[in-house]
Amino acid sequence: MRILFLTHAFNSLTQRLFVELQAHGHEVSVEFDINDEVALEAVVLYRPELIIAPFLKRAIPEAVWRRYVCLVVHPGVRGDRGPSALDWAILNREKRWGVTVLQANAEMDAGDIWACCEFEMRDVGKAGLYRNEVTEAAVEAVLLAVSRFQAGDFRPKALDYSDPDVRGELHPLMRQSDRAVDWDRDNTETVLRKFRSADGFPGVRDRLFGRELFLYDARPEKSLRGKAGKVIARCGAAICCATTDGAVWIGHLRDKQHTHPFKLPATRLLEAEVEALPEILPDRDSGYHDIWYEEEGEVGYLHFPFYNGAMGSEQCERLRHAYIEACGQNTRIIVLMGGPDYWSNGMHLNLIEAAESAADESWRNINAIDDLALEIINTDSHLTIAALQGNAGAGGVFLARAADEVWAREGVILNPHYKDMGNLYGSEYWTYLLPRYAGVENAESIIQARLPMGTREAQSLGLVNEVFSEDVQRFVRAVRRRAARIAAVPAFSERLEYKRKRRLADESQKPLQDYRAQELEHMHLNFYGFDSSYHVARYNFVYKAPRSRTPLTIARHRRTTERLRRVI
Ligand code: COA
């Protein structure tokens, strides 16, 4: 079928549905929901058989839903309505939640129901829930709705609040007052729940050090105590706020009035204010943990759940040190776990944007990632595995490929390209790694494609070695079982020996330093050259500049018209 996506953005859920529907043989074209006129134009150009709205912030124009079946993906159970579905589900301590696919009509979220899938809620932030449980349920519900639509004889069910299956209700937009933290009364559980209902947007509004700030990325602290509402310590990026019965770490902040009014690590934004606070080094019982190592038998696991998968220079350096330490242990395998939401999204674009010299910080950041990649590629003491629990983008994908094996959870989406960031050339030794693992031809098509990729395609192209069809928790358990099994095979040392020989042979053919130097020559031009495309694209990304048109890579219905326009 020809399916048109009408969506606010090509976000992770939209990308996943894009990949899944195409894998099921459908043709999908995307139009950003910019205004009614643009939406109507897209419909006229594409003449879709079905319209799907995976992520919309406003109503579909009447002229569209009256003529076409438009299926809206709503992150709520049957009968739930309103723009803050997940926020209320978290704040109201729902145990089970769901995704409903309903048909657009004159009333928002009140259309006939085509499919609904439910899931168990987890104690994580809204963004984490959206990227995992909501996305999985949405895929299931959309595929079901599409097959029902295609069958032609399915009659969607009108919303009926007397039906016992309909347990949702209409909720208003959640306001800051609904989730404001009352530091004198709220215990740690309540504080965390309020934060989770607001992560990663819009954050919890609060006043710290006399400044109005939006707070994100809250995690519990096990042992520190203090006067409720007071900032009592700092640790890496985070500050620690005492609650009535404990304390929480707050990793990220946004100050709308600041020169850099976007999300930044808390201690970066409050540099002067927190200078005198006691600094905690993370240990088992205390601190904000963004890198940790654990061992099980002969396998070492290195976790690095960096917020939003962004890896700043300092984080890369710390991770490299942790990695070198892991290599010094008496184990056989090191598994690079990333985090449950993202494995890595490459350089930290917000920190770069906030730096005194964005070019210098970009240079420092890419070199820090390269140093880490080099360490991984050159490891001859261990077999290395990148275990992708969550998505990876840009340099993050190639960093994962630096490991001997890449294992991915089935639903993971990869964006193995840099070009969308102002034609960035990219580094992380991709010019060595891609031809090595994917072959020269695949390497070229991967890097030119600029499209999200599912794990099955990534596997067929050599970007990924193994795919397990499980959710995050089951994926992690399966990774542990498999890694332990590989570490125990009698031929393990021969495998390591083969790896050493292969690396030596590759090195003698062309040293890694040459690959790096060539890649960085291009990157130097991206950062310091006359063409400022990278700086403009980064600015737009960090400031979330609204899109004025849909890229032709995904708006297939606009490709011929665009070509015609250029000719005329
Ligand atoms: N640096 C800083 N922040 C980043 C980031 C990065 N490299 N990659 C993602 N983020 C942030 C986004 O700004 C967003 O922030 P929010 O919490 O304020 O909304 C959040 O992570 C989620 O990103 P989003 O784009 O909404 O997620 P997605 O899963 O839909 O898309 C990507 C994933 C990877 C396609 C997209 O985030 C992207 O293009 N990132 C930039 C990758 C890049 O060019 N890196 C530099 C070159 S190595």
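The values are calculated or read from the model by the stated rules, or taken from the named source; none is laboratory data. Please read these numbers as outputs of a predicted model, since none were measured by experiment. Counting neighbours? That spans all protein chains shown, and the Cβs are built from the backbone with ideal geometry, glycine included. Only protein heavy atoms, including side chains, enter the accessible area calculation; ligands, DNA and RNA are left aside. Shrake-Rupley method; radii C 1.70, N 1.55, O 1.52, S 1.80 Å.
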Probe 1.4 Å - accessible area at Cys316, Å² to nearest ten: 0 Å²
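For Asn308, what charge total do you get from the other residues with a beta carbon under 10 Å from its beta carbon, if Lys and Arg give +1 and Asp and Glu give -1?
Summing Lys and Arg as +1 and Asp and Glu as -1 gives -1.
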Calculated SAXS-style log₁₀ I(q)/I(0) at q = 0.09, 0.10 Å⁻¹ - the chain, Debye, Cα scatterers: -0.73, -0.92
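Given a 1.4 Å probe and every protein chain left where it sits, what share in percent of the accessible area of the chain is carbon and sulfur?
Values: 12630 of 25400 Å².
The nonpolar share, carbon plus sulfur, comes to 50 percent.
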Dipole magnitude (debye, nearest 20) for the chain, charges at Cβ of Lys, Arg, Asp, Glu: 840 debye
Global geometry of segment 292-526, whether rounded, prolate or oblate, following the gyration tensor of its Cα atoms and the 1.5 cut on a/c: rounded
Coil-residue trypsin sites (Lys or Arg not before Pro) of segment 13-58, DSSP, other Cβ within 10 Å capped at 15: Lys57, Arg58
Bridge type composition, the chain - antiparallel percent by DSSP, nearest 5: 55 percent
Cβ-defined net charge surrounding Ala537, 15 Å radius [Lys, Arg +1; Asp, Glu -1]: +3
Equivalent ellipsoid semi-axes - Cα gyration tensor, segment 2-151, angstrom: 25, 16, 14
Restricting segment 445-540 to chymotrypsin sites (Phe, Trp or Tyr not before Pro) in coil, as DSSP defines it, with at most 15 other Cβ within 10 Å: Phe530
C-alpha center-to-center spacing [segment 156-226, segment 351-381] in angstrom: 35 Å
Segment 292-526 - charge dipole about Cα centre, Lys and Arg +1 at Cβ, Asp and Glu -1, debye rounded to 20: 820 debye
Zone of Gln513's modelled label, taken as backbone nitrogen in segment 396-420 under 11 Å from a point 7 Å along Cα→Cβ: none
For segment 1-101: accessible area per residue (Å², 1.4 Å): 37 Å²
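Scan segment 146-181 for trypsin sites (Lys or Arg not before Pro) in coil per DSSP, keeping those whose Cβ has at most 13 other Cβ atoms within 10 Å, and list them by number.
On the way: sites: Arg148, Lys157, Arg167, Arg175, Arg179; in loops: Arg167, Arg175.
Sparse-neighbourhood loop trypsin sites (Lys or Arg not before Pro): Arg175.
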Residue range of the chain that is longest and free of GluC sites (Glu not before Pro) which are both DSSP loop and sparsely packed (at most 11 other C-beta within 10 Å): 357-568
Net charge over other residues, Cβ less than 13 angstrom from the Cβ of Met1 (K, R count +1; D, E count -1): +1
DSSP beta bridges in segment 292-526 [antiparallel fraction, %, rounded to 5]: 25 percent
Proximal aspartates and glutamates relative to Lys57, as straight alpha-carbon distance under 17 Å, when same-chain residues fewer than 8 apart are discounted: Glu31, Asp33, Asp36, Glu37, Asp80, Asp87, Glu107, Asp109
Calculated from backbone phi, Karplus (6.51, -1.76, 1.60) coupling profile of segment 208-221 in Hz, x at Gly/Pro: 10, 6, x, 10, 7, 10, 10, 10, 9, 6, 8, 9, x, 10
Dipole axis of segment 425-481 (+1 Lys, Arg; -1 Asp, Glu on Cβ), positive-most option in Gly439, Leu463, Val476: Val476
Too-long pairs where the Cα-Cα distance tops 19 Å, listed order kept, from Lys230/Lys256; Lys126/Lys263; Lys227/Lys256; Lys256/Lys419: Lys230/Lys256; Lys227/Lys256; Lys256/Lys419
For the chain, with +1 on Lys and Arg beta carbons and -1 on Asp and Glu, the positive-most of Gly300, Leu6, Ala272 along the dipole: Leu6
Amide H within-cut-off set for Thr550, under 5 Å, with H built and near neighbours excluded: Phe32
Amide hydrogen neighbours beyond the local backbone of Trp343, cut-off 5 Å, H modeled: Gly390, Asn391, Ala392
Cα gyration tensor shape of segment 176-274, rounded if a/c is under 1.5, else prolate or oblate by comparing a/b with b/c: oblate
